[in-house]
Structure formats: structure tokens, C-alpha cells
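Presented below is the structure to which this report refers.
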Amino acid sequence: MLEVKNLVKSFGEITALNNINLKVKKGEKIIIIGPSGCGKSTLLRCINLLEAPTSGIIKYEGIETKDIKRNHLNQKIGMIFQSYNLFNHLTIIKNITVVPIKLKLMTKEEAYQKAYKLLDEMKLRDKAGRYPRELSGGEKQRVAIIRSLILEPEILLIDEPTGALDPENIKDVLKLLEEISKKGMTMIVVTHEMNFASYFADRIIFMDQGKIIVEGKSKEIFVNPKNERLKSFLSKIRT
Ligand SMILES: Nc1ncnc2c1ncn2[C@@H]1O[C@H](COP(=O)(O)OP(=O)(O)OP(=O)(O)O)[C@@H](O)[C@H]1O
Ligand SMILES: [Mg+2]
């Protein structure tokens with residue numbers, strides 16, 4: 001469904017991505033790990049056209065993403081950030097419905113109906129009329145996830161969804177991601193939650209200095225890591 005070929009992304013002197021190759025099948029759950037600055041966010045941002053690759057090819061369903069209309073691609077490929085990126089001046093219900101209404105993907109009635117259904121499922125209906133500043137971090141992140149889901153994406157790119165949360169909220173958000181994954185969603189998640197990674201992922205990718213160094217099942221990554229850089233990364237985050 002998604003194919004990344006020889007992807008390079010430079011920012012001036014810095015090579016953030018140095019020849020990345022990756023294929024993602026429909027329904028796959030991929031976790032990306034790696035030290036700060038290794039290019040994890042840049043990779044997700046290139047896939048979603050938030051950054052233009054310096055060279056290389058990204059294909060979605062066989063078509064180069066640069067040839068796909070941005071609105072169309074953003075509807076198929078949802079992105080969720082550590083910092084939620086909610087509109088602070090809009091209520092929760094408006095945050096969720098503004099994009100589909102603006103893009104004329106749904107009527108206002110349809111959008112509200114769907115939004116309330118999702119808010120119900122996530123036990124957040126009572127927050128519909130509130131503003132982002134009135135919600136906890138975990139609630140805000142769950143709203144950000146609903147805002148992606150309402151567009152019925154085919155794949156979700158999720159960048160450190162729990163990075164800004166305290167432990168209680170982390171659990172809620174991880175549980176929600178697991179529920180979404182059980183419905184068959186294709187997901188690429190950047191996270192440092194190694195316990196979650198080990199039961200969630202079909203495949204784990206370890207990046208360092210703009211390259212994919214190792215990829216494999218969670219056992220190969222966590223139980224018997226052979227690569228020295230991976231071993232040293234894991235020992236650092238485990239202490
Ligand atoms: N817009 C930008 N302009 C210049 N340099 C950038 C830009 N975005 C990222 N970089 C650089 O590219 C490299 C990769 O950054 P990236 O944000 O992808 O890392 P990351 O793996 O997501 O790190 P973290 O775990 O800290 O989020 C870093 O050296 C970063 O400083
Ligand atoms: Mg990042």
C-alpha cells in the first residue's frame with residue numbers, strides 16, 4: 001500500500017534521511033524507534049507530504065505521492081502529533097468537524113453525527129462544547145485521534161502520541177491505539193513505549209542517523225538484538 005524507495009531528505013548540511021527503503025502492507029502495524037534526531041519525524045512528514053523529499057520516491061497504492069492531490073492524500077493518510085495540534089480557538093466538536101465540512105467531504109449534519117458517535121465511543125461526549133485548554137493532555141490526544149478518524153483514513157502516521165503525557169493518560173491513549181489497530185487499520189507509530197511496541201507491532205524498525213539499521217519482529221529487536229547500535233540504544237532507554 002505504501003512504498004518508500006531511496007528516500008533522502010536534507011536540510012542544508014544536515015542529512016535527516018539517508019536512503020530509506022520501506023514497504024508497508026495493508027493492515028500492518030509498524031513501530032519506529034531510534035535516538036533523538038535520527039529522522040523518525042522527518043520520515044513521517046515526508047510520507048505525508050509535509051516535507052518534500054530531496055530525492056527518492058514515495059508511492060501510495062502504486063502512485064507517486066507528489067502526483068496525488070494534497071487534500072486527497074491527507075484524507076487517506078492521517079497524521080497525529082505529540083503536540084495534538086488542535087485549534088485552540090475552536091470547541092472540541094468544531095475541531096473534529098471543521099476539516100471534513102470545509103473540504104466538503106460531508107454535510108454539517110453528517111460530520112456532527114459521526115463526530116458525536118466517535119466522542120461517545122471514547123467517552124468524551126461531555127467535552128464536545130469545551131475548548132482544548134479545558135481538557136487534559138490525554139483527552140486532547142484522544143480528540144486529535146478522533147479528528148483523524150472522522151476522515152476514515154486508510155493509514156495512520158502517529159508521532160510520539162504519548163510523549164507529552166503523564167502515565168495515567170499514556171495508558172488511555174495506548175489502549176485507544178490498540179482498539180483502532182484491532183479494526184484493521186494500517187499504522188506507523190513512532191514511540192518510546194517499548195512495552196507497547198513489543199505487543200502492538202508486526203514489525204519494529206530501528207533508525208539511526210537517517211538510516212534504517214535493523215527491522216524485525218519484536219523478539220528479534222527486544223529479546224535477542226544482535227546489532228551493536230540497537231543494543232546500546234535499548235540499554236540507554238531501559239535505564
Ligand atoms: N525543518 C528542519 N530544518 C532543519 N533541520 C531539521 C528540520 N527538521 C528536522 N531537522 C533535522 O533533521 C534531523 C532529524 O530530525 P527529526 O525531527 O526527524 O528527528 P526525530 O528522530 O524525530 O527526533 P526526536 O526523537 O527528537 O523527535 C535532526 O538533525 C533535525 O535537527
Ligand atoms: Mg520526532
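The values are calculated or read from the model by the stated rules, or taken from the named source; none is laboratory data. All values derive from a computational prediction rather than experimental measurement. In this analysis, Cβ positions are derived from the backbone assuming ideal geometry, glycine residues included, and neighbour counts consider all displayed protein chains.
Just wondering, is there one or more residues in the stretch 11-19 that are touching a Ser or Thr at 6+ places or on another chain (Cβ under 7 Å) and either among the aromatic types (Phe, Trp, Tyr) or within 16 Å of ligand 1 (Cβ to nearest atom) (or both)?
The answer is yes, given that some residue of the stretch 11-19 is touching a Ser or Thr at 6+ places or on another chain (Cβ under 7 Å) and either among the aromatic types (Phe, Trp, Tyr) or within 16 Å of ligand 1 (Cβ to nearest atom) (or both).
If you take the residues in the stretch 85-105 that are closer than 13 Å to Arg147 by Cβ and free of Cβ contacts under 8 Å to residues at least 12 places away in the same chain, which one is surrounded by the fewest Cβ atoms within 10 Å (Cβ to Cβ)?
Ranking the qualifying residues of the stretch 85-105, first place goes to Lys102.
Suppose the filter is buried (at least 22 other Cβ atoms within 10 Å of the Cβ) and in a helix (DSSP H, G or I); does Arg133 pass it?
Answer is no for this residue.
Report, ordered by the first and then the second residue, all pairs with beta carbons closer than 8 Å, sequence separation of six or more or different chains, a first member in the stretch 37-61 that is at pLDDT 95 or above and surrounded by 20 or more Cβ atoms within 10 Å (Cβ to Cβ), and a second member that is among the small types (Gly, Ala, Ser) and not in a loop (DSSP other than H, G, I, E, B).
Gly39/Ala16; Thr42/Ala16
Residues are listed down the side, and each one gets a yes or a no for (1) farther than 30 Å from Arg133 by Cα; (2) within 16 Å of ligand 2 (Cβ to nearest atom); (3) within 13 Å of the chain's Cα centre (by Cα):
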| position | (1), (2), (3) |
| --- | --- |
| Leu17 | yes, yes, no |
| Lys23 | yes, no, no |
| Ser41 | no, yes, yes |
| Asp67 | yes, no, no |
| Ile77 | no, no, yes |
| Leu90 | no, no, no |
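For Lys140, state whether it is in contact (Cβ under 8 Å) with a residue 40 or more places away in the chain, farther than 30 Å from Glu61 by Cβ, of a type outside the set (Asp, Glu) and part of a helix (DSSP H, G or I).
Against the criterion (in contact (Cβ under 8 Å) with a residue 40 or more places away in the chain, farther than 30 Å from Glu61 by Cβ, of a type outside the set (Asp, Glu) and part of a helix (DSSP H, G or I)), Lys140 qualifies.
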